[in-house]
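Inspection log for the structure reproduced underneath, given as structure tokens.
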Amino acid sequence: MFIITFFACSRQTTVFDGEKAFTYLQRQCDIGYRNPGSTGHQQALDYYRSFFTGLADTLILQTFNREIPEDSITFTFTNIIAGFNLKGKNPLLIGAHWDTRPRADHDPDPNKRHQPILGANDGASGIAVLMHLAELFRQKKPGRAVYLALFDGEDYGYSGSLDYYCMGSEYFAKNLPIPKPSEAIIIDMIGDRELTIPIERNSYQSHPELVKTLWNIAKEKGYTEFQHKLGGYIYDDHIMLIDHAQIPSVDIIDFEYPNRYQNYWHTTMDTPDKCSAKSLEIVGQVLYDYIFMKPETNK
């Protein structure tokens, strides 16, 4: 009984404002589809650049071109990197992807499978958390160097192939525009209303200490959404950081949500009503607590 009461109280002790983050999720969706080459893609880039200017100590736009022979097109992609406390040691990278999928190939309606998705959860949720973290870093300077990376070109690929996924993080890892991070955390699809985050297996192999620390923070806060069990192997931006830059990396991702809804992953149904401020707050608070841990426990 005492433990239950403790957890209930601890969940209320938060700095990260999920409602504020949710407004940023909604704002991104208000822009519309943000798939490469679209009008919304450029509008979103302008929005992020304006938002982080004045908050970050440095703002880097890493632009590159990538040809997609299957579609006979070349896209211009832009990674956005916001740096804080640049002179701090032990640099931490926290990343999410800002592009959205150009085709709803898992939509139950075959007529909609060539339409782009809005990407409320698959894209906007992770970026919304990064945006509010940036605001909090302006209020309280992190004790270590922290880089918030908004990766482009993560979700362009085709079902059944790994080609043309994670293009932004791959380019970043092969052409580091910042000092090499000591470790990295990727957040993806973390806005789901019924959040469940098992331990992604590549993450545990890459950086087990960080996994244990993050999940223990969640446990101390009473966040049962962080499940102390191993999930599957997921191909996400963290794989690029691990493989191409040898950065120990962890992926915080809820990939099980299609089993609990009408399978809205990569469909036109990935809209804000499937997301919640509470889920954003849970993930954002765990990240905030980790960043502001005592230096001797955060090496």
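Go through the range 159-184 and give me each residue that's in contact with a Phe, Trp or Tyr (Cβ under 8 Å, 6 or more places away or on another chain) and surrounded by 14 or more Cβ atoms within 10 Å (Cβ to Cβ). Within the range 159-184, Tyr164, Tyr165, Cys166, Met167, Gly168, Ser169, Tyr171, Phe172, Ile178, Pro181 meet the criteria. Taking the range 147-203 as the range and being touching a Gly at 6+ places or on another chain (Cβ under 9 Å) and among the basic types (Lys, Arg) as the test, only Arg201 passes. Look at (1) farther than 15 Å from His238 by Cβ; (2) surrounded by 24 or more Cβ atoms within 10 Å (Cβ to Cβ); (3) in contact with a Phe, Trp or Tyr (Cβ under 8 Å, 6 or more places away or on another chain) and you find that Phe151 fails only one, number (1). Among the conditions (1) part of a loop (DSSP other than H, G, I, E, B); (2) at pLDDT 95 or above; (3) touching a helix residue (DSSP H, G or I) at 6+ places or on another chain (Cβ under 7 Å); (4) over 17 Å from Gly157 (Cβ atoms), the only one that Thr14 does not satisfy is (2). Remark: Met293 falls outside the filter, which requires a residue to be at pLDDT 95 or above and either assigned to a helix (DSSP H, G or I) or not acidic (Asp, Glu) (or both). Take the conditions (1) out of contact with any Lys or Arg (no Cβ under 7 Å at 6 or more places or on another chain); (2) charged (D, E, K, R); (3) over 22 Å from Pro272 (Cβ atoms); Asp188 misses just one of them, which is (3).
Could you please let me know if Thr74 is surrounded by 16 or more Cβ atoms within 10 Å (Cβ to Cβ), touching an Asp or Glu at 6+ places or on another chain (Cβ under 7 Å) and polar (S, T, N, Q)? Answer is no for this residue. Just one of the listed residues (Lys219, Lys212) is in a helix (DSSP H, G or I), closer than 23 Å to Lys278 by Cβ, free of Cβ contacts under 8 Å to residues at least 12 places away in the same chain and not acidic (Asp, Glu), and it is Lys219. Note on the range 209-232: residues that are closer than 30 Å to Ser161 by Cβ and either loosely packed, with under 14 Cβ neighbours inside 10 Å or small (Gly, Ala, Ser) (or both) total 4.
Going through the range 34-63 one residue at a time, which ones are assigned to a loop (DSSP other than H, G, I, E, B), at pLDDT 95 or above and surrounded by fewer than 19 Cβ atoms within 10 Å (Cβ to Cβ)?
Taking the range 34-63 and keeping what is assigned to a loop (DSSP other than H, G, I, E, B), we get 34-38, 53-57.
Imposing the further condition that a residue be at pLDDT 95 or above reduces the set to 34-38, 53, 55-57.
Once the filter is applied, which keeps residues that are assigned to a loop (DSSP other than H, G, I, E, B), at pLDDT 95 or above and surrounded by fewer than 19 Cβ atoms within 10 Å (Cβ to Cβ), the range 34-63 yields Gly37, Ser38, Thr53, Leu55, Asp57.
The values are calculated or read from the model by the stated rules, or taken from the named source; none is laboratory data. For clarity, every value in this text was computed on a predicted model and none was experimentally measured. In this analysis, Cβ positions are derived from the backbone assuming ideal geometry, glycine residues included, and neighbour counts consider all displayed protein chains.
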